[in-house]
Amino acid sequence: MNGGVAQKISLFPVLDVMQLDSKNRGSLTRFRNPLPREFFNRDPRRVGRDLLGKVLVRRTGRKLLAARIVETEAYLGEDDPAAHAAAGRTPRNAVLFGPPGYAYVYFIYGNHYCLNVSCLPDGVPGGVLFRAAEPLLGIEEMARARGVEIANPRDLQKLTSGPGRMAEAFGITRERDNGKDLTSTRSHLWLADDGYPTARVLTTRRIGITKAADSPLRYVIAGSEFVSGPKGKT
DNA sequence: AAGCGGATCGTCT
DNA sequence: GACGATCCGCTTG
């Protein structure tokens, strides 16, 4: 009923994670395949949905951080009051107006960074916000970056469930990462397709906004334990 | 489980 | 000078 995807995530998360993490060596091969620029040269609604199941990868020296995307939100252009691009181009949001496949990182509430990827051709604004992921590699590094301890399996959700948490776990800041090309492993921050099967997707309203709050532009992998916010029923 | 308020600062009016 | 695409801790039910 559920497709194998959600089941696999909910039944074997820790086992998968520990096995993968212990085999960190050689994982570069598995996650070396970045999504091409054309993937992002589309409507953010399509991109946001298709990014579910893909893997965010960060390379720091020999170490790899990797997490499977389980939740995204689409932000459009002038016709989307909730989008940073709505009020037109500024120094802050310029990446959203540039070519597709680049990191737009912003600082929010005086505390947190959030990662987006630009969509649509140069000159047309749009992006996808990364809201939550399932940790695959670099659990210890993520826990250290987040300042939390992993005492039981449920604690893994504290690492990357939420846009601010994801960014912190990956050490993403505006200063370091804004404008980086996410389609190249040379940027040391990229999005990989490791052949994971397409997930069953739920579409909901976006979280944490006041304007255009009713638009169904949030996408989550059905049944994933790693989505942010209250655990909705499926 | 859900609802609150505080922290904290870059960005644009 | 006001406001956030958030998180955390505390309170209540």
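Only the coordinates and a few stated rules stand behind these numbers; no lab work does. Just so you know, these numbers come straight off a predicted model, no measurement behind them. FYI the Cβ positions are ideal-geometry reconstructions off the backbone, even for glycines, and counts take in every protein chain you see.
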Most mobile of A:V55, A:V220, A:V148 in a GNM of chain A (Cα contacts under 10 Å): A:V148
5 angstrom amide H check on A:G98, placed H, neighbours 5+ away: A:G123
Relative contact order of chain A, defined on C-alpha pairs under 8 angstrom at six or more residues apart (%): 27 percent
Potential extension, A:E140-A:D155 segment - 0.36 nm per residue separation minus Cα distance: 4.2 nm
Separation of the A:S184 and A:V148 label points, Cα + 7 Å toward Cβ, nm: 3.4 nm
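Placing unit charges on C-beta atoms (Lys and Arg positive, Asp and Glu negative, everything else neutral), compute the dipole magnitude of chain A about its Cα centre in debye, rounded to 20.
The dipole of chain A has a size of about 320 debye.
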Span per principal axis, largest first, for the Cα atoms of chain A (Å): 46, 40, 34
Among A:G77, A:L35, A:V47 - extreme Cα towards positive end, dipole of chain A, charges at beta-carbon: A:L35
For A:E134, distant residues with modelled amide H under 5 Å away: A:R68, A:I69, A:V70
The range A:114-203: translational diffusion in µm²/s, Stokes-Einstein, Kirkwood Rh over Cα pairs, 10 °C, 1.306 mPa s: 108 µm²/s
Which of A:M166, A:M142 has the fewest Cβ neighbours within 10 Å, and the rest in rising order: A:M142, A:M166
Additional length obtainable on full extension of the chain from A:A87 to A:I108, 0.36 nm per residue less Cα span: 5.8 nm
Ascending count of other beta-carbon atoms within 10 Å, so fewest first, for A:K54, A:K180, A:K63: A:K63, A:K54, A:K180
Rounded FRET efficiency, nearest 0.05, which uses the C-beta distance separating A:K63 from A:D43 and R0 of 35 Å: 0.50
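Quick one: A:K158, A:K211, fewest Cβ neighbours within 10 Å first, how do they rank?
Details: A:K158 17, A:K211 12.
With the fewest neighbours first, A:K158, A:K211 line up as A:K211, A:K158.
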